[in-house]
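The values are calculated or read from the model by the stated rules, or taken from the named source; none is laboratory data. Quantities reported herein were computed from a predicted structural model and do not represent experimental measurements. For neighbour counting, all protein chains shown are included, and Cβ atoms are generated from backbone atoms with ideal geometry for every residue, glycine included. The accessibility values were calculated without ligands, DNA or RNA, using every heavy atom of the protein model including side chains. Shrake-Rupley method; radii C 1.70, N 1.55, O 1.52, S 1.80 Å.
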Amino acid sequence: MTPIQVSGLKKNYGSRVALRGIDFEVSAGDVFGFIGPNGAGKSTTIKILCGLVFPTAGSARIQGHPCGSREARRGMAYLPELPAWPESLTLRELLEIHARLAGISDRRRCSDALEQVGLGPRANSRVRELSKGMLQRFGLAQALLAEPSLLVLDEPASGLDPVAQKDLKDVLADLRARGVTVFFSSHVLTDVERMCDRIAILHGGKLLACAPMRDMLQPTDDLAVRFRGGDFLRARLEKMAAVRSDGADWVVDVGRAAVNEAVDAIRAEHGDLLEVTPRRRSLEEAYFGLLAGAEAVA
Amino acid sequence: MGESLAVARLTLLELSRRQLAWVTVFFAVVLAVIPQLIGAFGMTGFERVSKDACLTLLGWFAIGIALLLAATAVPGDVERRTVYPLLARPMSRDQYLVGKFLGLAAWIAGSVMLCGAAIALGCGAISHALEARLLVGAALEALKACVLAAVTLLFATRTGPVAAGIAALAVYIIAGLSDAYVGFFLEGEGVLSLAAWLVRAVKTVLPDFEVFHLKNALVHDEPLRFGYLAALAAYGLAWISGCLLAAGLVFGRHDL
């Protein structure tokens, strides 16, 4: 059963058009990234998937069931952007209520879910005592409580510090290894590039692209020359193309015609040539290229 | 039903940790003390005066908390976005509304009964006899407040808390207008007579909140018949069910 199937989905809020008829599918076990600028319609799509907003036209199905139906929500979990919780309740109380709503009778699942996101020792803390990062982790705990086969996350990295972002990535990697389908929207393109199998790019309520990540990151005609060397070598190569740092290494992207010249320069300046590989387009380049194309058409 | 009870528990836990709990306790203490204060004047019939004053205050208190809590319950959850994770669970919006109402109703009933018990204790202290009938009166005040809470919840599923509160208060006031008042304020011809006709017509489709107010019977020691009380309970529950059904229809297709 296809975890998410969206077909001709349209949504109008009064006279404002939020979605102009989008189609995409998410396969089982995929980590699917949903990206686009603010106001593109990402959150609206996610809310429709979760049954919080009703589509004007088209259909969205979760595991074959219409969105918003109880069956559709049975195997899925949702973490909204900047999730809010009743502040006076403790984490344990809230999770117990969510467990009951999810039909879980085993109370140990609550403790396990809190342990999974590193909040075990804070089980009796009230929501108001938690930091932003902890709140997001708690949101993840409530989402993972019912061991869903589909996890829908709206900007999960929003407002998180680097440590919390890394924790989030670790949890998502773990879910991916367990075969959980993850659908998430994000503005952090490097994370999307690293974690996703497929992505969809949304702009102005239209789907600009929906493809496997490897198709989005097509090789270009350029070659990436990775090397180590001193400032003099770097200055010499800067005359050919922009040199960027990558950890302890330097990388220069040159056309096929200039690659021998670059390699000769590295040898002549006693630098270490580490590798020469076809350069792939980054997600950022693909994203901005598509957005620029869409804006030019508009 | 389990889902509704979980939402009811969540609502009750939230309410029990608000300052409102202390306000209720303070009000109950005030109600318990009022008969002593009135008794201190030594006037004839001070027991009846005490009961009258306390039951009037209890009625206002019940209306106040019903309007305040029910008007803010659903719009508050939507505004704070705490409703999103709840409604993403395999639970219908009807179950959420029923749970929300049950939590509110339990809180309102508990608060009003606490105040009713304080009145019974206060009056019992001056008459040296505990009057259980006062608790029956308090229970019907609680039921009246629950009906008003259901009406408010119906408005609150579509509007903000202020508009819902005002609309529900308007319903309460119009429903409570006696024919004499309508005739007095809207006496005349043309527009006034049309307005009077309209108010009377609207009144017929609104719940009659006055029937729950047993103050006169309690003050004047009139008998309370079980059949009448049961009919009142059924009347109240019917109105609550109707309002929740309508609220479910409105909220069921509402974008969040």
*asked:* Which order do the peptides A:242-254, B:120-132 come out in when sorted by mean C-beta neighbours inside 10 angstrom, highest first?
replied: B:120-132, A:242-254
*Charges only on Cβ, +1 for Lys and Arg, -1 for Asp and Glu: so what's the dipole of the stretch B:2-252 about the Cα centre, in debye to the nearest 20?*
740 debye
*Take the stretch A:1-146, drop everything but the C-alpha atoms, weight them equally and run the Debye formula without solvent; then report log10 I(q)/I(0) at 0.10 Å⁻¹ to two decimals.*
-0.41
*Short version: ³J(HN,Hα) in whole Hz for each residue of the stretch B:230-238, in order, from phi by Karplus 6.51 cos²θ - 1.76 cosθ + 1.60 (θ = phi - 60°), x for Gly and Pro, what are they?*
5, 5, 5, 4, 5, 4, x, 5, 5
_With θ taken as phi - 60° and the coefficients 6.51, -1.76 and 1.60, list the Karplus ³J(HN,Hα) couplings across the stretch A:199-210 in order, rounded to whole Hz; mark glycine and proline as x._
9, 10, 10, 10, 8, x, x, 10, 8, 7, 7, 8
*Got the relative contact order for the stretch B:2-252 handy, in percent, Cα pairs under 8 Å and 6 or more residues apart?*
27 percent
*For the stretch B:2-252, what is the per residue volume of the convex hull drawn over the alpha-carbon atoms, in cubic angstrom?*
144 Å³
_Quick check: Cα centre of the stretch B:95-155 to Cα centre of the stretch A:128-181, how many Å?_
43 Å
_Antiparallel DSSP beta bridges within the protein assembly as shown, as percent of all bridges there, nearest 5_ = 70 percent
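For a quick check of your reading of the filter: which trypsin sites (Lys or Arg not before Pro) in the stretch A:41-143 sit in a DSSP loop and have no more than 15 other Cβ atoms within 10 Å?
Those satisfying the criteria are A:Arg107.
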_Built amide H within the under 5 Å cut-off of A:Ile4, gap 5+_ = A:Val26, A:Gln63
*So what is log10(I(q)/I(0)) for chain A at q = 0.07, 0.12 1/Å, when the Debye sum runs over its Cα atoms only?*
-0.35, -0.86
*For peptide A:77-84, how many partner chain Cβ atoms fall within 10 Å of a residue's Cβ, on average?*
4
*asked:* Relative contact order for chain A: what percent, with Cα pairs under 8 Å and sequence separation of 6 or more?
replied: 20 percent
_Interchain or long-range residues, amide H under 5 Å from A:Ala211's placed H_ = A:Ile199
*Take the Cα pairs of the stretch A:110-225, get the Kirkwood Rh, then feed it into Stokes-Einstein at 37 °C and 0.692 mPa s and tell me D in µm²/s.*
206 µm²/s
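Can you give the charge dipole size of the protein assembly as shown about its Cα centre, rounded to the nearest 20 debye, using +1 on the beta carbon of Lys and Arg and -1 on the beta carbon of Asp and Glu? Spell out each step's value before the answer.
Numbers: 57 positive and 55 negative charges, 122 e Å.
Dipole size: approximately 580 debye.
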*Just subtract the alpha-carbon distance of B:Leu37 and B:Arg158 from 0.36 nm times their residue separation and send over the number in nm, one decimal.*
39.1 nm
*Residue-wise HN-Hα coupling along the stretch B:240-251, computed from phi with Karplus coefficients 6.51, -1.76, 1.60 (Hz; x: Gly, Pro)*: 4, 4, x, 5, 5, 5, 5, 4, x, 5, 6, 6
*Average partner chain C-beta neighbours within 10 Å, per residue of A:93-103?*
6
*With every protein chain in place, what's the accessible area of A:Met240 (1.4 Å probe, Å², nearest 10)?*
60 Å²
*Rg to Rh ratio, the protein assembly as shown, alpha-carbon atoms and Kirkwood radius?*
1.15
